[in-house]
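Please read the structure below before turning to the comments.
The values are calculated or read from the model by the stated rules, or taken from the named source; none is laboratory data. Predicted model only: the values in this text are computed from it and were never measured. Heads up, the Cβs are rebuilt from the backbone with ideal geometry, glycines too, and the neighbour counts pull from every protein chain shown. Ligands, DNA and RNA are excluded from the accessible area calculation, which covers all protein heavy atoms including side chains. Shrake-Rupley method; radii C 1.70, N 1.55, O 1.52, S 1.80 Å.
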Amino acid sequence: MDMDIGDRDTVFPESIDLRKIPAHIAIIMDGNGRWAAERGLPRHEGHRQGVETVRETVRNCNALGVEVLTLFAFSTENWQRPDWEVNYLMSLPEKYFESELPELVRKNVRVLMIGDRKKLPRRVLKVIDDGAAATNSNNGMILNFALNYGSRAEILHAVNRLVSEAAAGKQVSRVTEKKLSSYLYTGNLPDPDLLIRTSGEQRISNFLLWQLAYSELYFTGVYWPDFDKAELLKAVSVYQLRKRRFGKV
Ligand code: V0D
């Protein structure tokens with residue numbers, strides 16, 4: 001029985017075809033700061049609200065039957081933010097798991113992390129590793145957090161591993177796309193079908209450069225804290241419309 005992914009109890013509008021849900025959705029969660037500034041709130045309020053949107057997005061993607069959800073939570077450039085902000089951001093994985101881990105375990109969601117583990121505080125790594133371990137035997141939706149992630153560094157890391165193996169005489173044949181893909185942090189995960197970026201910027205910003213080669217790109221001006229269920233469904237229905245129009249073989 002194929003009941004591991006998705007939630008048959010949730011009702012979605014007819015504008016969504018539940019048989020054509022993108023298997024892998026990746027999201028650049030931008031606009032927390034701008035959301036707060038427009039309301040005269042401190043920046044951390046934007047991040048706090050951003051975590052709420054993560055909670056809801058995970059529930060909604062799981063209910064839709066999405067197989068992999070990759071969330072860009074912290075880029076290698078984000079270290080340049082003020083110390084207080086970096087520290088606040090680094091408290092968010094713990095805050096998220098405190099409230100959500102039991103539900104993730106119950107809903108059969110598996111947590112993974114991609115990115116460079118070096119430089120991430122030990123405390124934060126422990127929180128994430130514990131979350132990953134607690135959901136390690138789950139086989140439903142994969143919730144993949146990109147943290148201290150940069151795509152060029154990821155590709156270089158993969159290339160350098162291949163070079164080392166070649167020097168050690170372990171890599172004897174020519175490198176294929178499949179081989180290089182498998183050495184990326186995303187390993188054997190499928191490539192994203194749909195990339196969503198919130199808050200108006202229309203760039204990839206060093207996110208999943210290799211993996212997004214054939215993905216549909218969806219940009220919205222909505223700030224991440226305002227990216228609710230209706231906005232997610234809009235993105236999915238645009239994706240489905242594009243596939244219907246251009247996907248004819
Ligand atoms: C702030 C908007 C969840 C983007 C979403 C460390 C910026 C909320 C996590 C999280 C952040 C990460 C790993 C994990 C569990 C939860 C998170 C960061 C920022 C940066 F295993 N939200 N979130 N991590 N924001």
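A few remarks follow.
- Alpha-carbon Debye profile of the chain, log10 I(q)/I(0) at 0.08, 0.10, 0.12 Å⁻¹: -0.32, -0.50, -0.73
- Relative contact order of the stretch 150-249: 26 percent, from C-alpha pairs under 8 Å at least 6 residues apart in sequence.
- In nm, spacing of pseudo-spin labels at residue 179 and residue 11 (7 Å Cα→C-beta vector): 5.4 nm
- Nonlocal amide H pairs with residue 114, under 5 Å, H built at 1.01 Å: 145, 146, 147
- Calculated from backbone phi, Karplus (6.51, -1.76, 1.60) coupling profile of the stretch 9-25 in Hz, x at Gly/Pro: 7, 7, 9, 10, x, 5, 5, 9, 9, 5, 8, 10, 7, x, 5, 10, 10
- Partner lysines for residue 118 [C-alpha distance under 17 Å; skip if fewer than 8 residues away on the same chain]: 126
- Across the protein chains, with a 1.4 Å probe defining accessible surface, the residues 126, 229 rank 126, 229 from largest area downward.
- Given 95/229; 20/234; 119/229; 179/234, the pairs whose alpha carbons are separated by over 25 Å: 119/229; 179/234
- Residue of 74, 12, 227 that the Gaussian network model of the chain assigns the largest fluctuation, springs spanning Cα pairs under 10 Å: 12
- On the principal axes of its alpha-carbon atoms, the stretch 45-165 has extents of 41, 38, 23 Å, going from largest to smallest.
- Integer Hz, Karplus 6.51/-1.76/1.60 couplings in order for the stretch 68-80, x for Gly and Pro: 9, 10, 9, 10, 7, 9, 7, 8, 5, 7, 5, 4, 6
- Estimated from helices alone, the mean residue ellipticity of the chain at 222 nm is -13500 deg cm²/dmol (sum of -39500 (n - 2.57) over DSSP H runs with n ≥ 4, per residue).
- Positive-pole candidate from 25, 164, 49, dipole of the chain, charges at beta carbon: 164
- The alpha carbon radius of gyration of the stretch 153-202, expressed as a multiple of 2.2 N^0.38 Å, is 1.51.
- Rounded, prolate or oblate (a/c below 1.5 giving rounded, otherwise prolate when a/b exceeds b/c) for the stretch 56-116 by Cα gyration tensor: prolate
- Against the criterion of solvent-accessible heavy-atom surface with a 1.4 angstrom probe, 141, 29 sort, most first, into 29, 141.
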